[in-house]
Amino acid sequence: AQRVTQPEKLLSVFKGAPVELKCNYSYSGSPELFWYVQYSRQRLQLLLRHISRESIKGFTADLNKGETSFHLKKPFAQEEDSAMYYCALSVSAGNTGKLIFGQGTTLQVKP
Amino acid sequence: DSGVTQTPKHLITATGQRVTLRCSPRSGDLSVYWYQQSLDQGLQFLIQYYNGEERAKGNILERFSAQQFPDLHSELNLSSLELGDSALYFCASSVARTIPDTQYFGPGTRLTVL
């Protein structure tokens, strides 16, 4: 079964603290994973994609196939990072690229 | 701005009615995806079109249908609306020359069924 699990509904940290948003996936194929961010119910914005290995706004994520995880990390959280974060798995079987989303984690960065 | 546009922004209607949501993809993108975001179900894939043809179906109800036109814009039709259909409906587009591909999302249409 194709599934993405984000175990934390809410993660609350103080400004300057490290952040780790957890994401685990279940997929029999070769996984292609994304992190999207959504500010105040606005459109989803791509934060990063695992194959590009870029660092966007200080966030990084490493794909761990052994642990089937793709956790999002940032060493020092900023107040403007407060948002909803979605981990997503792209399903390529059947020549589609549909995204399977996790339930999302709300990150709250306190001053 | 990702370039994906959706109209209308908000839609308020009554149970039993029918509505049409419209999406224009980014210039050059051939694939359009529809997603539903609700508080209880989260973000769910509904349907995908590629260059005018249906490519994949997700958790889309039979009361819902979609199409993609020759100019590549897409419409999602929701009929016999129920209270539970109230949600934010997102459209996304991608070039889709390779699978998987990055999807860019529109601002969404907020549907309220009273």
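Over chain A, the alpha carbon radius of gyration divided by the compact-protein estimate 2.2 N^0.38 Å works out to 1.03. The ellipsoid that matches the Cα gyration tensor of the protein assembly as shown has semi-axes, each √(5λ) in whole angstrom, of 29, 21, 16, with the longest given first. Note on exposure: B:ASP40, B:ASP29 ranked by accessible area (1.4 Å probe, complete protein assembly) read B:ASP40, B:ASP29, with the most exposed listed first. Rolling a 1.4 Å probe over the heavy atoms of the protein chains gives segment B:49-114 an accessible area of 45 Å² per residue.
Solvent-accessible surface, computed for protein heavy atoms with a probe of 1.4 Å, shrinks by 50 Å² or more for the following residues of segment A:41-75 when the other protein chains are added to the isolated chain: A:ARG41, A:ARG43, A:LEU44, A:ARG49.
These residues, A:ILE51, B:ILE12, B:ILE60, go from largest to smallest accessible area, 1.4 Å probe, as B:ILE12, A:ILE51, B:ILE60. Annotation note: trypsin sites (Lys or Arg not before Pro) in segment B:20-114 located in DSSP loop regions with a Cβ neighbour count of at most 13 within 10 Å are B:ARG63, B:ARG97. For segment A:30-111, applying the loop criterion from DSSP together with a ceiling of 12 other beta carbons within 10 Å to the trypsin sites (Lys or Arg not before Pro) yields A:ARG41, A:ARG53, A:LYS57, A:LYS65. With a 1.4 angstrom probe, the accessible area lost at the B-A interface totals about 2000 Å². Restricting segment B:53-89 to GluC sites (Glu not before Pro) that sit in a DSSP loop and have at most 13 other Cβ atoms within 10 Å of their own Cβ leaves B:GLU62, B:GLU82.
Within the accessible area of segment A:52-111, what % is carbon and sulfur when the probe is 1.4 Å and the other protein chains stay in place? Mind showing how you got there, number by number?
Values: 1390 of 2800 Å².
Carbon and sulfur atoms account for 50 percent of the accessible area of segment A:52-111.
On a 32 Å Cα-Cα criterion, which of the cross-link pairs A:LYS22/B:LYS57; A:LYS74/B:LYS57; A:LYS9/A:LYS98 come out too long? Too far apart for the 32 Å limit: A:LYS74/B:LYS57. For B:GLN17, the residues 5 or more places off, or on other chains, whose built amide H falls under 5 Å of its own are B:LEU81.
The values are calculated or read from the model by the stated rules, or taken from the named source; none is laboratory data. Keep in mind it's a predicted model, so treat the numbers as computed, not measured. Cβ sites come from the backbone with ideal geometry, for glycine too, and all protein chains shown count toward neighbours. Side chains included, ligands, DNA and RNA excluded: accessible areas come from the protein's heavy atoms. Shrake-Rupley method; radii C 1.70, N 1.55, O 1.52, S 1.80 Å.
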